[in-house]
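Working notes for the structure below.
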Amino acid sequence: MFRKYLVKICGISLLMAGLISGCSIEQTNVEESETPEELKTMIEEKKTADFKLTYEMADDLYIVRGYGEQATGGYSICVRDCYLTTNAVVFDTELIGPRKGEVTNASPSCPYIVIQVKNQDKSIIFE
């Protein structure tokens, strides 16, 4: 049975929400202010390079995907899919650039996304 879940996207120039599908995996919104401090520090250290990161805290698992430093603002992340298989949690995202002609912030940005799920004790596959 498939369900739809709302994911909140966190990032310097990134504030968009999207619906994703999942099977037996409940996801919750993660506001930047709700992200554990240790995880924020890890993200801060890695955000200028392309990165994939997981962080466990009690019964929760945070899955983070960052796309490194981009030349301008206006980038967003599309969550194509997030689902549970027998062996793993699959997390599939895509970086979306600014639309042609869109006015963007000239400063570099480091878009990333953080989702929180119940820890499934399974591998994470980033696609």
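Within the stretch 98-127, being in contact (Cβ under 8 Å) with a residue 60 or more places away in the chain and of a type in the set (A, V, I, L, M) holds for Ile113, Val114, Ile115, Val117, Ile124.
Residues that are open to solvent by 40 Å² or more (accessible area, probe 1.4 Å) and in contact with a strand residue (DSSP E or B) (Cβ under 6 Å, 6 or more places away or on another chain) within the stretch 64-118 comprise Tyr75, Cys78, Arg80, Asp81, Tyr83, Glu94, Leu95, Ile96, listed in sequence order. Of all residues in the stretch 47-63, those being farther than 13 Å from Leu95 by Cα and either in contact with a helix residue (DSSP H, G or I) (Cβ under 9 Å, 6 or more places away or on another chain) or open to solvent by less than 20 Å² (accessible area, probe 1.4 Å) (or both) number 6.
Would you be able to say whether some residue in the stretch 48-65 is free of Cβ contacts under 8 Å to residues at least 12 places away in the same chain and of a type in the set (Asp, Glu)? Checking the stretch 48-65: not a single residue is free of Cβ contacts under 8 Å to residues at least 12 places away in the same chain and of a type in the set (Asp, Glu).
The values are calculated or read from the model by the stated rules, or taken from the named source; none is laboratory data. Small disclaimer: the values here were computed from a predicted structure and weren't measured. Glycine also receives a Cβ, built like all others from the backbone with ideal geometry; neighbour counts cover every protein chain displayed. Each accessible area value is taken on the protein alone, full model and side chains, heavy atoms only, with ligands, DNA and RNA left out. Shrake-Rupley method; radii C 1.70, N 1.55, O 1.52, S 1.80 Å.
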